[in-house]
Amino acid sequence: MAEHFAKRGYVINMLDLRGFGYSGGSRVNESTIKVLSDIENLLKNCCERDLSTFIIAHGLGAMFLNGLLQ
């Protein structure tokens, strides 16, 4: 999906949650605080630019994002 939008001129930022997927570190042993901090830093980075921002998340990442945005 990211490649599809990037080819059409969108700036894509992706995050692989600590302890999941292809990220380094131990599997699933990272603290919730660290994971939320990673998401918050990504959002701050995106908001520093004068661009419209769309957020797509799924699974555990969506749960963390929902908690942060409330």
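The values are calculated or read from the model by the stated rules, or taken from the named source; none is laboratory data. Since we're looking at a predicted model, the values are computed, not measured. Quick reminder, even Gly has a Cβ in these numbers, built from the backbone with ideal geometry, and neighbours come from all protein chains shown. To get the accessible areas, we keep the full protein, side chains included, count just its heavy atoms, and leave off ligands, DNA and RNA. Shrake-Rupley method; radii C 1.70, N 1.55, O 1.52, S 1.80 Å.
Could you run through segment 51-60 and say how many residues are part of a helix (DSSP H, G or I) and surrounded by fewer than 10 Cβ atoms within 10 Å (Cβ to Cβ)?
First, the residues of segment 51-60 that are part of a helix (DSSP H, G or I): 59-60.
With surrounded by fewer than 10 Cβ atoms within 10 Å (Cβ to Cβ) added as a condition, the list becomes 59.
So the count comes out to 1.
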**Request:** Confirm whether Gly67 is surrounded by 10 or more Cβ atoms within 10 Å (Cβ to Cβ), in a helix (DSSP H, G or I) and either in contact with a helix residue (DSSP H, G or I) (Cβ under 8 Å, 6 or more places away or on another chain) or among the small types (Gly, Ala, Ser) (or both).
**Result:** yes
**Message:** Condition first: in a loop (DSSP other than H, G, I, E, B), loosely packed, with under 10 Cβ neighbours inside 10 Å and either among the small types (Gly, Ala, Ser) or modelled with pLDDT of 75 or more (or both). Now tell me which residues in segment 23-50 satisfy that.
**Reply:** Gly24, Ser26, Glu48, Asp50
**Message:** Being hydrophobic (A, V, I, L, M, F, W, C), free of Cβ contacts under 8 Å to residues at least 40 places away in the same chain and more than 13 Å from Asn13 (Cα to Cα) is the filter here; which residues of segment 42-70 pass it?
**Reply:** Ala62, Met63, Leu65, Leu68, Leu69
**Number of the condition not met by Met14 [criteria: (1) touching a helix residue (DSSP H, G or I) at 6+ places or on another chain (Cβ under 7 Å); (2) open to solvent by 100 Å² or more (accessible area, probe 1.4 Å); (3) part of a helix (DSSP H, G or I)]** = (3)
